[in-house]
Amino acid sequence: MVCGGFVCTKNALSALNVVYVMVGLLLIGVAAWGKWFGLVSSISVVAGVIGVGAFLLLVAFVGLCGALKHQQVLLFFYMVILFIVFVLQFSISCACLALNTDQQNKLLEVGWNKSEVTKKDVEKTLNCCGFSSVVYNSSCPAQCYTTPQTCDPCSSILQKYASEVLRFVGSIGLFFSFTEILGVWLTHKYRNLKDPRSNPGAFL
């Protein structure tokens, strides 16, 4: 049977969802590992990453069950959910790649002021104090704060990493968004193919 037939499309869709399962497990594992070893102390960050991983696992299992059983309802919901995820992820990825320096600074400052725990983590990890300027009468966990004059504000250090991180996240997001639109196309095609092992008259 040529590739593009029932079996080939089924195998391609199943393989794609196996990849999604592996990515979902990887996200959950990395988040748990980071929390266990104290690399990330923010519960909201860990919970967010684990939530994304769990959602991806759920979607992948729906797609995998629909592909293996050729179940029309599961395949339809899988296709709709995957298309919605594609639109959101593609938009966010483009936004990450399009942000200029001023917009990055504004986003960094909003994130800085939002969580005290994250702020302390950044100061301790990057050995800096304050966002745009060092506040000498505040508590700062950075090692340099023993002699505050040697401390740098965190905004300049964060900016060095922000552009690289945003480019990386945007590129990875774009890559996976194209795999999602591939999944939508494969699912749509697979739903309209007849299972050669079943009764042709029973196809919906």
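Just to compare against my own numbers: the Cα pair-distance distribution for segment 48-117, 10 Å bins, whole % per bin, please.
17, 31, 27, 16, 9, 0
Between LYS114 and SER156, what is the label-to-label distance in nm when each label sits 7 Å out along the Cα-to-Cβ direction?
2.6
For segment 1-146, what is the convex hull volume of the alpha-carbon atoms per residue, in Å³?
It is 145 Å³ per residue.
Find how much the distance from PHE175 to THR146 grows on full extension, using 0.36 nm per residue of separation minus their present alpha carbon separation; answer in nm with one decimal.
Roughly 6.0 nm would be gained on extension.
May I ask you to rank VAL49, VAL21 by accessible area, largest first, using a 1.4 Å probe over the protein chains only?
VAL49, VAL21
With the chain treated as a Gaussian network of Cα nodes joined by springs under 10 Å, which of LEU64, LEU97, LEU82 yields the largest mean-square fluctuation?
Comparing LEU64, LEU97, LEU82 in a Gaussian network model of the chain, the most mobile one is LEU97.
For the chain, with a Gaussian network of springs between Cα atoms less than 10 Å apart, report the residue from THR150, THR125, THR101 with the top mean-square fluctuation.
THR150
So how much slack lies between LYS106 and ALA15, counting 0.36 nm per residue of separation and subtracting their Cα-Cα distance, in nm?
Result: 28.7 nm gained on full extension.
Cα centroids of segment 141-178 and segment 4-28: how far apart, whole angstrom?
34
Computed on alpha carbon atoms, what radius of gyration and Dmax characterise segment 76-138, expressed in Å?
Just the Cα atoms of segment 76-138 yield Rg and Dmax of 17.7, 59 Å.
Which number comes out as Rg/Rh for segment 118-201 once both Rg and the Kirkwood Rh are worked out on C-alpha atoms?
Rounded to two decimals, Rg/Rh equals 1.51.
Rounded to the nearest percent, how much of the accessible area of the chain (1.4 Å probe, protein heavy atoms only) is carbon and sulfur?
71
Listed here are the pairs LYS69/LYS189; LYS35/LYS160; LYS114/LYS160; which of them are more than 19 Å apart at the Cα?
Those over the limit are LYS35/LYS160; LYS114/LYS160.
The values are calculated or read from the model by the stated rules, or taken from the named source; none is laboratory data. Treat the numbers as computed from the prediction; the structure is a model and nothing was measured. Here the Cβ is made from the backbone with ideal geometry for all residues, glycine too, and neighbour counts use every protein chain on show. Side chains included, ligands, DNA and RNA excluded: accessible areas come from the protein's heavy atoms. Shrake-Rupley method; radii C 1.70, N 1.55, O 1.52, S 1.80 Å.
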